[in-house]
Amino acid sequence: MHHRPTGPPALGRRALLRGLAGAAALTAVPGLAACGSRRGDPGVVTMGSNRANDAQREAVGEITGLWEADSGINVELNTIDSTSFQESINNYLQGTPDDVIAWFAGYRTRFFAERGLISDVSRVWDERFQGAFTDQVRDLCSAPDGRQYMVPDSTAPWAVFYLKSVFEEHGYEEPATREEFVELCERMREDGFEPLAYGVREGWPAMGTFDHLNLRINGPEFHMGLLDGEHSWDSPDVRSVFGAWAELLPHHQAAPLGRGINEAQTALVRGEAGMMLCGLFLTHVFPEDQLADLDCFAFPEFDPEIGADAMETPIDGFMVSADPRNPEAAMDLVGHMGTLRSQEIYTAIDPQALPVHQDADTSGLTELDAKIMKMIADAGALTQYMDRDTRPDFASVVMIPALQRFLRRPDDIADLTASIQRQKVSIFGR
């Protein structure tokens, strides 16, 4: 497995893959709707995809092109940007969706499985993926009935990223504890850096900060129960998370609500900020010749009894709609997307993606990717991210405004948590 290949040999490899796959038809559309030109044609299977940046489009095109060559069936791709995809998918699945759909593991898969909006793909797992994925990954692709409803193909984990050159020049060391983390932030401030790059204009990036603090302060079991509506948001446990966040805020870039995540990432690239808590998608903004300077560490431990081995590891993959027009082809294609061969191709092209197949050859990984893969292997628990681990209506309608309110008024924690709890009860019914 050669992730993010460099140099002439890799260019030749990708040229060869393009020759095998051919050019895939990728259609950007203003709204999410099924491909409709030849629905039901046994020679066609349709796919709805949220993988819309250039690398993702190329990678999906390579893989579906190989399946077309092997099967003799054409793939019609309906590609739309990820945000629009998420906002439209509920109505899309209840209408006439595509046969195969790119989506997310965890609550977001279970939510649609329990409503009968996607197909059971356990047969594909039994036939093609015995022992291919860890039990944690399998569980994240399953519903409470124990059946699988998604085939995984990649992940883009979260960590605290930094530039090796900056750390080496200033003698910084990776912090392992809360105290070391705060001390490092203070040193960076004295050295003229913004310790933590921060931009949450889009709303959702703030969820990552809450998730990591809650995982470190209250542990993954409490965190997942909280997002599933089992615990009160107006509790000392949750207030302690916001309290710890308020203490860290002076070390973040000021006025984060007026800054987008890409702007914050750029501050890290330029060496203006010392660190950034972010997903591996950060690599998309790095120039090719700077990627080797990028490094990371796990978000530090806040409580020795809780530890720091829970990791946000959002897993992506593919589902089959509830009533596909071409069911056998859809099942075969979704199985193809999760194979070792496909994951090798996809993660070689998309710099933010790492394979989840246990047989993936990691010998050709970059140092950064190998480090993150080891962090995943050593993790005691894998979480997906707040907007994937809870109800979509709670995440978008309640939590994004609540986190934005906190960033505007971080000293108003008690009233904030009471407000979240009232809204949580109205949505979850408990």
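Do any strands (runs of 3 or more DSSP E) entirely within the stretch 261-339 hold 3 or more residues that are at pLDDT 95 or above and out of contact with any strand residue (DSSP E or B) (no Cβ under 7 Å at 6 or more places or on another chain), and if so, which?
none
List pairs: first residue in the stretch 402-428 and closer than 14 Å to VAL241 by Cα and hydroxyl-bearing (Ser, Thr, Tyr), second residue open to solvent by 40 Å² or more (accessible area, probe 1.4 Å) and at pLDDT 95 or above anywhere in the structure, Cβ distance under 8 angstrom, at least six positions apart or on different chains.
That search, which allows pairs on different chains as well, returns THR417/ASP234; THR417/ARG239.
Scan the stretch 158-175 and give yes if some residue there is small (Gly, Ala, Ser), touching a residue at least 24 places away in the same chain (Cβ under 8 Å), assigned to a loop (DSSP other than H, G, I, E, B) and surrounded by 15 or more Cβ atoms within 10 Å (Cβ to Cβ), otherwise no.
No, because not a single residue in the stretch 158-175 is small (Gly, Ala, Ser), touching a residue at least 24 places away in the same chain (Cβ under 8 Å), assigned to a loop (DSSP other than H, G, I, E, B) and surrounded by 15 or more Cβ atoms within 10 Å (Cβ to Cβ).
Would you be able to say whether some residue in the stretch 227-242 is touching a strand residue (DSSP E or B) at 6+ places or on another chain (Cβ under 8 Å), crowded, with 18+ Cβ neighbours inside 10 Å and of a type in the set (A, V, I, L, M)?
Among the residues of the stretch 227-242, not one is touching a strand residue (DSSP E or B) at 6+ places or on another chain (Cβ under 8 Å), crowded, with 18+ Cβ neighbours inside 10 Å and of a type in the set (A, V, I, L, M), which makes the answer no.
Those residues that are open to solvent by less than 30 Å² (accessible area, probe 1.4 Å), in contact (Cβ under 8 Å) with a residue 60 or more places away in the chain, of a type outside the set (Phe, Trp, Tyr) and touching a helix residue (DSSP H, G or I) at 6+ places or on another chain (Cβ under 9 Å), I need them from the stretch 208-217; list them, please.
Hits for the stretch 208-217 are GLY208, THR209, ASP211, LEU213, LEU215, ARG216.
Among the residues of the stretch 111-121, is there at least one that is over 16 Å from the mean Cα position of the chain (by Cα), in a loop (DSSP other than H, G, I, E, B) and of a type in the set (A, V, I, L, M, F, W, C)?
First pass over the stretch 111-121, keeping only residues over 16 Å from the mean Cα position of the chain (by Cα): 111-121.
Next cut, in a loop (DSSP other than H, G, I, E, B) only: 115-117, 119-121.
After this cut, where a residue has to be of a type in the set (A, V, I, L, M, F, W, C) as well, the list is 117, 121.
Yes, some residue in the stretch 111-121 is over 16 Å from the mean Cα position of the chain (by Cα), in a loop (DSSP other than H, G, I, E, B) and of a type in the set (A, V, I, L, M, F, W, C).
Please verify whether the stretch 190-203 includes one or more residues that are part of a helix (DSSP H, G or I), in contact with a helix residue (DSSP H, G or I) (Cβ under 9 Å, 6 or more places away or on another chain) and of a type in the set (A, V, I, L, M).
No: the stretch 190-203 contains no residue that is part of a helix (DSSP H, G or I), in contact with a helix residue (DSSP H, G or I) (Cβ under 9 Å, 6 or more places away or on another chain) and of a type in the set (A, V, I, L, M).
Enumerate the pairs (first residue in the stretch 61-73 and assigned to a helix (DSSP H, G or I); second residue anywhere and among the β-branched types (Val, Ile, Thr) and surrounded by 17 or more Cβ atoms within 10 Å (Cβ to Cβ)) with beta-carbon separation below 6 Å, excluding pairs fewer than 6 apart on the same chain, so at least 6 apart or on different chains.
Filtered contacts from the stretch 61-73: GLU62/ILE345; ILE63/ILE345; THR64/VAL75; GLU68/VAL75.
Go through the stretch 363-415 residue by residue and tally those that are hydroxyl-bearing (Ser, Thr, Tyr), part of a loop (DSSP other than H, G, I, E, B) and touching a Leu at 6+ places or on another chain (Cβ under 9 Å).
2
Restricting to the stretch 323-335, what's the tally of residues that are open to solvent by less than 10 Å² (accessible area, probe 1.4 Å) and not aliphatic (A, V, I, L, M)?
1
Taking the condition free of Cβ contacts under 8 Å to residues at least 60 places away in the same chain, surrounded by 14 or more Cβ atoms within 10 Å (Cβ to Cβ) and under 25 Å from the mean Cα position of the chain (by Cα), does ALA395 pass?
The answer is no for ALA395.
Can you name every residue in the stretch 80-106 that is modelled with pLDDT under 95 and within 17 Å of VAL44 (Cα to Cα)?
Within the stretch 80-106, just THR96 meets the criteria.
Does the stretch 311-322 include one or more residues that are buried (at least 23 other Cβ atoms within 10 Å of the Cβ), touching a residue at least 60 places away in the same chain (Cβ under 8 Å), out of contact with any Lys or Arg (no Cβ under 9 Å at 6 or more places or on another chain) and of a type in the set (D, E, K, R)?
Within the stretch 311-322, one or more residues are buried (at least 23 other Cβ atoms within 10 Å of the Cβ), touching a residue at least 60 places away in the same chain (Cβ under 8 Å), out of contact with any Lys or Arg (no Cβ under 9 Å at 6 or more places or on another chain) and of a type in the set (D, E, K, R).
In the stretch 210-241, which residues are part of a helix (DSSP H, G or I) and touching a Phe, Trp or Tyr at 6+ places or on another chain (Cβ under 6 Å)?
HIS212, LEU213, ARG216, ILE217
State yes or no: is LEU365 more than 17 Å from the chain's Cα centre (by Cα) and closer than 22 Å to ASP293 by Cβ?
Against the criterion (more than 17 Å from the chain's Cα centre (by Cα) and closer than 22 Å to ASP293 by Cβ), LEU365 qualifies.
Among the candidates ASP70, ASP126, ASP99, single out the residue that is within 17 Å of VAL334 (Cα to Cα) and crowded, with 23+ Cβ neighbours inside 10 Å.
ASP99
The values are calculated or read from the model by the stated rules, or taken from the named source; none is laboratory data. All of these numbers come straight from a predicted model, not from anything done at the bench. FYI the Cβ positions are ideal-geometry reconstructions off the backbone, even for glycines, and counts take in every protein chain you see. These accessible areas exclude ligands, DNA and RNA; they are computed on the full protein's heavy atoms, side chains included. Shrake-Rupley method; radii C 1.70, N 1.55, O 1.52, S 1.80 Å.
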